[in-house]
Amino acid sequence: MRYWLVKSEPHDWSWSDQNSVESEPWTGVRNYQAQNHMRSMAKGDNVLFYHSGKTREIVGICTVSRAEYPDPSDETGRWCLVDLKAKQALREPVTLTAIKADSNFADLALVRQPRLSVMPITEKAYSKIIAMGGL
C-alpha cells in the first residue's frame, strides 16, 4: 500500500461533497507530475484529502477505489483519472501551518512543492498526520 495527498478547493469539491458520494472520479488534474502520481496509485491506497485555498488543511482520508483509467473528457488521450472513496474524516483538521511548524515534514511535497495537487507521502508522514488529526 502507498500513501498520497490530493488537494481540492472546497468551493469546487469539498470533503462534505466527497463524503456524500459512494466514489468519485478525481478530475481536473492537468499537471504532468501530478498525473504521473495518479498513474502510480493502486486500488486500496490511502489518500489524505486536503482543502486548499483559504483553509489549507487536511480534513479526511479516502481510498483509491479505482486505479488509473483514461479521462473520457480528454480528446488528446494524455490525461487519466482515479476514483476516490471517502473513508474517514479527521477529528481535527491538520493545518498547513502545523505541518510547516514540524521539522519532521520538511521534505514533504506539500511543503516543498505547494502548487502540486497530487503527491505521494511516506507511511511515516501519513501516520503522523492522522495522529495529529486525532485518529
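The values are calculated or read from the model by the stated rules, or taken from the named source; none is laboratory data. Since this is a predicted model, take the numbers as computed values, not measurements. Here the Cβ positions follow ideal geometry from the backbone for every residue, glycine too, while neighbour counts run over all protein chains shown.
Within segment 25-58, restricting attention to residues that are in contact (Cβ under 8 Å) with a residue 60 or more places away in the chain and in a strand (DSSP E or B), the residue that is nearest to His11 (Cα to Cα) is Tyr50. Residues in segment 2-24 that are of a type in the set (A, V, I, L, M, F, W, C) and either touching a helix residue (DSSP H, G or I) at 6+ places or on another chain (Cβ under 8 Å) or not in a loop (DSSP other than H, G, I, E, B) (or both): Trp4, Leu5, Val6, Trp15. The set of residues in segment 68-119 being in a helix (DSSP H, G or I) and within 18 Å of the chain's Cα centre (by Cα) consists of Leu96, Thr97, Ala98, Ile99, Lys100, Phe105, Ala109, Leu110, Val111, Arg112. Looking across segment 64-101, the residues that are more than 20 Å from Gln33 (Cβ to Cβ), surrounded by 11 or more Cβ atoms within 10 Å (Cβ to Cβ) and acidic (Asp, Glu) come down to Asp83, Glu92. Picking from residues in segment 42-62 that are modelled with pLDDT of 95 or more and among the hydroxyl-bearing types (Ser, Thr, Tyr), the one that is surrounded by the fewest Cβ atoms within 10 Å (Cβ to Cβ) is Ser52. Looking across segment 114-134 at every residue that is touching a strand residue (DSSP E or B) at 6+ places or on another chain (Cβ under 8 Å) and without any contact (Cβ under 8 Å) to a residue 60 or more places away in the chain, the one that is farthest from Trp79 (Cα to Cα) is identified as Gly134.
Taking Ile61 as the residue in question, decide whether it is under 16 Å from Ser8 (Cα atoms) and touching a residue at least 60 places away in the same chain (Cβ under 8 Å). It is true that Ile61 is under 16 Å from Ser8 (Cα atoms) and touching a residue at least 60 places away in the same chain (Cβ under 8 Å).
The residues of segment 102-135 that are crowded, with 20+ Cβ neighbours inside 10 Å, among the small types (Gly, Ala, Ser), touching a helix residue (DSSP H, G or I) at 6+ places or on another chain (Cβ under 9 Å) and over 10 Å from Leu5 (Cα atoms) amount to a single one, Ala125.
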